[in-house]
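Only one structure is covered here, and it is reproduced in the block below.
All of the numbers you see were taken from the coordinates with simple rules; none came from a lab. Just so it is clear, the model here is predicted, and its values are computed rather than measured. Neighbour counts run over all protein chains shown; Cβ positions are idealised from the backbone, glycine included.
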Amino acid sequence: MKDEDIERPQAMKIRQGIQDAMTYTLPDKTFNPKNIDLVEIDIELDNLGWDFHNYRILNLTDIHLGQWVNPDYLSDLVDYVNTLNYDLITLTGDYVSYNMEDYDIALKNSLKRLNAKDGKYGVLGNHDHWMGSEIIRDIFKESDIVDLSNDVVTLTINESKVNLAGVDSSTVCADNLDKVLAKLDDDYPTILLAHEPDFARESSQTGKIDLQISGHSHGGQFIIPKVETTPFRGPNSVKYPVGLYKVKDMIQYTSKGLGTNSFRVRINCKPEITIITLKNKERKRIEIE
Ligand SMILES: [Fe+2]
């Protein structure tokens, strides 16, 4: 599908003009790690090679640069990420919001500076398509981010392997799971990057995906205390809007993301950086012995 075939939201420019003014007049527009939820979770995978036991994947999603998140904030966030302990970075879409042209250089400069020992891998979100997927894909190239849109790479450590896959945004019907499945090596566990969390309904049915990592929902920007879910569920994040889910045999993880939608409100729902530590399911048995 070509970019021009994708239906864009109406009055985008007017909306972004208002947004720009508000973004730059905010009193608290600077990055502060205290305002970030650094979520660290362990995920056990079937058939995970021992070389990947304790492997750490850092996920960033929904930066929405230019909509409340300004270039200096993103640059400081990158400095902070670079101080954390992880092996590989994944990015699950919506890098921009309603304006690309004023933010593409800043986005590239920041993504380029993200350090990851084993590389950076990403997919696109609906906003990236609305704003121009080719520009985002060029930014990926210039920032050494491997574009996993409907593609798979094999991560290898010694004898152990993991399939790291991605699908393009399902909101704009750019996803092609069949293409991904055709490239998978079934002997190894598979992690899928999919911007929209409700894509889990489709991916889980294949029986070939072990973990799907998503964003898109921003956690609804309001999480009910104790219940730990949200009543605010937009399109494609109705079923799995925030946190961990078991969907058939697959684990779904939905991050609260970094940016916000037009309403800059987050209640009990801080912006999130996620670190997923992969675990071999057999570890408990080994530890007891
Ligand atoms: Fe999105």
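Please give me the summed charge of the neighbours of P235: other residues whose Cβ is under 12 Å from its Cβ, Lys and Arg +1, Asp and Glu -1. The partial results should precede the final answer.
Numbers: positive: R233, K239; negative: E196, D198.
Here the count lands on 0.
Take every pair of alpha-carbon atoms less than 8 Å apart whose residues are at least six positions apart; their mean separation over the length of the chain yields a relative contact order of 24 percent.
Which FRET efficiency value, to the nearest 0.05, is calculated for K179 and D79 with the Förster distance at 35 angstrom and r the Cβ-Cβ distance?
Values: r = 36 Å, r/R0 = 1.04.
About 0.45, to the nearest 0.05.
Counting only lysines at least 8 places from K246 when in the same chain, those with an alpha carbon closer than 28 Å to its own are K120, K161, K179, K183, K208, K226, K256, K270, K279, K281, K284. Under the convention that each Lys and Arg Cβ holds +1 and each Asp and Glu Cβ holds -1, the size of the dipole of the chain around its Cα centre is about 840 debye. Volume per residue of the convex hull around the Cα atoms, evaluated for the range 175-286, comes out as 125 Å³.
For the range 189-289, the residue among I267, Y245, H216 whose Cα projects farthest onto the positive side of the dipole built from Cβ charges is I267. Computed over neighbours whose Cβ is under 9 Å from that of C269, the net charge equals +1, Lys and Arg +1, Asp and Glu -1. Along the charge dipole of the range 54-212, pointing to its positive end and built from +1/-1 on Cβ of Lys, Arg, Asp and Glu, which listed residue (H64, S75, T190) has its Cα farthest out? Checking the options against the dipole of the range 54-212, the answer is T190.
Please give the calculated 222 nm ellipticity per residue for the chain, where each DSSP H segment of at least 4 residues contributes -39500 (n - 2.57) and the sum is spread over every residue; nearest 500 deg cm²/dmol?
Details: 7 runs with 70 residues, N = 289.
Per the formula, -7000 deg cm²/dmol.
What angle, in degrees between 0 and 90 and rounded to the nearest 10, separates the Cα long axis of helix 12-25 from the longest principal axis of the Cα atoms of the chain? The angle comes out at about 90 degrees.
For the chain, the longest principal axis of the C-alpha atoms and the axis of helix 71-81 are separated by about 20°. The fraction of all Cα pairs in the range 68-135 landing in successive 10 Å bins from 0 to the largest distance is 19, 52, 27, 2, given as whole percents.
Give me the percent of Cα-Cα pairs in the range 106-214 that sit more than 21 Å apart, rounded to a whole number.
Percentage above 21 Å: 36.
In the chain, the longest principal axis of the Cα atoms and the axis of helix 104-113 are about 30 degrees apart.
Under Stokes-Einstein, with the Kirkwood radius over Cα pairs standing in for Rh, what whole-number D in µm²/s applies to the chain at 37 °C and 0.692 mPa s? Before the final figure, lay out each step's value.
Numbers: Rh = 19.1 Å.
In µm²/s, the coefficient is 172.
Suppose every Lys and Arg Cβ carries +1 and every Asp and Glu Cβ carries -1, with no other charges. What dipole size does the range 23-173 come out with about its Cα centre, to the nearest 20 debye? Before the final figure, lay out the partial values.
Details: 11 positive and 26 negative charges, 54 e Å.
I would put it at about 260 debye.
Cβ-Cβ distance of F222 and T156, R₀ of 35 Å, FRET efficiency by 1/(1 + (r/R0)^6): the value works out to about 0.25.
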